[in-house]
Amino acid sequence: EAKRLGRRRAQAYVPGLAERLAERQHIVDDLHEALQTAGFTLAFQPVVQLSTGITTGYEALIRWNHPTRGWVPPALFIPIAEECGLIEDIGRWVIMDACRQLSGWSSHLHVAINVSAAQLKSEALVHHLTQAILVHGIAAERVEIEITETALIDDADRTAATIDRIRRIGVKVALDDFGTGQSSLSHLRDFKFDRIKIDRSFVVRAGFDPRSMAVLRGIVGVGKELGVLTHAEGVETRDQLDLLRMIGCDAVQGYLVGRPVTPGNEQIERFERVLQKATAHRERRGPP
Ligand code: C2E
Ligand code: MG
Ligand code: MG
Ligand code: MG
């Protein structure tokens, strides 16, 4: 490792270990601060049923507006929060706030909540979910958690038991970023999911690469065999949407059908219009 770093250092300036540790510690301190001062918000991205175009729910995506750094992407601070043990508290806040917001939405809508490996390993997750559902008086079936394949790697028996406990209280479980981990198919065999979220990389390539298209079609087929909803992530073009419809994918998410929006800021009006439209749809067509 040191040798690799040494070689990189010859090409470009890489901060020394001490500097990087100090920088990290700043982020950890600021994460603590953010937890205490309502520094996080949730953005919501629509999930659309492909056959009808109806919005069936929203995925909650955490946002951190840092006092001096501005918006820090979750891909940067979630791994740090995982390592320093703060993810449980942050995750608890996400669950509580997502359920709070869900309680104000039209009753056919669901909310999807990302849960990291450390949360899945802890006894507290089921408790936090139950608590949020009771406090906000919502139906458990309207809540879905998303877990990535890397969260399934160690202690498969215990993880399978946790997933079962979560599903027994009525909360749905989705496998996020499907296809990016190792032995993806065995996960579909060994754990029970309600939804498979096919990673964006498959969607992006399917448009021009017949092999990716064949794999995508296969995943949708496996989902159908297992009775699990298939859901494509990161749909950005009309062509991708048409391909997905053609192969019978159940749901889509992506910039084409809706970007993540943050209620409470300048986008709230647009967000509310989206919700009203979804409600109007439901009244016309009945539940999806
Ligand atoms: P994810 O759960 O796979 O979420 C999808 C990511 O793709 C989001 O990035 C979303 O903004 C982005 N995205 C959506 N549609 C498109 C598209 O059409 N094209 C492209 N290029 N990107 C699209 P975001 O919000 O930056 O989140 C990144 C990751 O951070 C998430 O990936 C998730 O793993 C993690 N994350 C976000 N919120 C939370 C949270 O509350 N808790 C935990 N544990 N992880 C979270
Ligand atoms: Mg997700
Ligand atoms: Mg994903
Ligand atoms: Mg992804």
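In the set (1) in contact (Cβ under 8 Å) with a residue 12 or more places away in the chain; (2) under 18 Å from Ile169 (Cα atoms), the condition left unmet by Glu123 is number (1). Contact annotation: residue pairs with Cβ atoms under 9 Å, 6 or more positions apart or on different chains, pairing a residue in region 175-191 that is touching a residue at least 24 places away in the same chain (Cβ under 8 Å) and polar (S, T, N, Q) with a partner that is in a loop (DSSP other than H, G, I, E, B) and within 16 Å of ligand 2 (Cβ to nearest atom), are Thr180/Asp199. Scanning region 231-238 turns up one or more residues that are of a type in the set (Lys, Arg), open to solvent by 80 Å² or more (accessible area, probe 1.4 Å) and more than 16 Å from ligand 3 (Cβ to nearest atom).
Restricting Gly170, Gly137 to those that are open to solvent by less than 30 Å² (accessible area, probe 1.4 Å), in contact (Cβ under 8 Å) with a residue 12 or more places away in the chain, away from ligand 3 (no atom under 16 Å from the Cβ) and on the phi > 0 side of the Ramachandran plot reduces the list to Gly170. With the condition kept exactly as written, say whether any residue in region 162-176 is within 27 Å of Val257 (Cβ to Cβ) and in contact with a Gly (Cβ under 8 Å, 6 or more places away or on another chain). No, region 162-176 contains no residue that is within 27 Å of Val257 (Cβ to Cβ) and in contact with a Gly (Cβ under 8 Å, 6 or more places away or on another chain).
Would you mind telling me which numbered condition in (1) surrounded by 18 or more Cβ atoms within 10 Å (Cβ to Cβ); (2) within 16 Å of ligand 2 (Cβ to nearest atom); (3) part of a helix (DSSP H, G or I) Leu188 fails? Just one mismatch for Leu188, condition (2). Taken over region 173-185, the criterion of being assigned to a loop (DSSP other than H, G, I, E, B) and either touching a helix residue (DSSP H, G or I) at 6+ places or on another chain (Cβ under 8 Å) or within 16 Å of ligand 1 (Cβ to nearest atom) (or both) is satisfied by Gly179, Thr180, Gly181, Gln182. Listed by position, the strands (runs of 3 or more DSSP E) inside region 20-116 whose residues that are surrounded by 16 or more Cβ atoms within 10 Å (Cβ to Cβ) number at least 2 are 40-49, 55-66, 110-114.
Scanning region 140-154 for residues that are more than 14 Å from ligand 2 (Cβ to nearest atom) and among the charged types (D, E, K, R), we see that the one that is most open to solvent (accessible area, probe 1.4 Å) is Glu141. The single residue among Ala118, Ala112 that is modelled with pLDDT under 95, under 19 Å from Asp176 (Cα atoms), among the aliphatic types (A, V, I, L, M) and under 17 Å from the mean Cα position of the chain (by Cα) turns out to be Ala118.
Among Gly221, Gly170, which is the only one that is modelled with pLDDT of 95 or more, in a loop (DSSP other than H, G, I, E, B) and more than 14 Å from ligand 4 (Cβ to nearest atom)? Gly170 is the lone residue from the list that is modelled with pLDDT of 95 or more, in a loop (DSSP other than H, G, I, E, B) and more than 14 Å from ligand 4 (Cβ to nearest atom).
If you go through region 196-214 one residue at a time, do you hit one that is under 22 Å from Val126 (Cα atoms), open to solvent by less than 20 Å² (accessible area, probe 1.4 Å) and not charged (D, E, K, R)? Yes: one or more hits.
I'd like the full set of residues that are at positive phi and of a type in the set (D, E, K, R), limited to region 173-195. Working first, answer last.
Within region 173-195, the subset at positive phi is 177, 179, 183.
The one that is at positive phi and of a type in the set (D, E, K, R): Asp177.
Looking across region 231-259, the residues that are of a type in the set (Asp, Glu) and closer than 15 Å to Ser201 by Cβ come down to Glu233, Glu236.
Residue selection: Thr130 fails the criterion of being under 13 Å from Phe191 (Cβ atoms) and part of a helix (DSSP H, G or I).
Select from region 155-167 the residues that are over 19 Å from Ala112 (Cβ atoms) and open to solvent by 70 Å² or more (accessible area, probe 1.4 Å) and list them in ascending order. Once the filter is applied, which keeps residues that are over 19 Å from Ala112 (Cβ atoms) and open to solvent by 70 Å² or more (accessible area, probe 1.4 Å), region 155-167 yields Asp155, Asp157, Arg158.
The values are calculated or read from the model by the stated rules, or taken from the named source; none is laboratory data. Quick caveat: nothing in here was measured; it's all calculated off a predicted structure. Here the Cβ is made from the backbone with ideal geometry for all residues, glycine too, and neighbour counts use every protein chain on show. Each accessible area value is taken on the protein alone, full model and side chains, heavy atoms only, with ligands, DNA and RNA left out. Shrake-Rupley method; radii C 1.70, N 1.55, O 1.52, S 1.80 Å.
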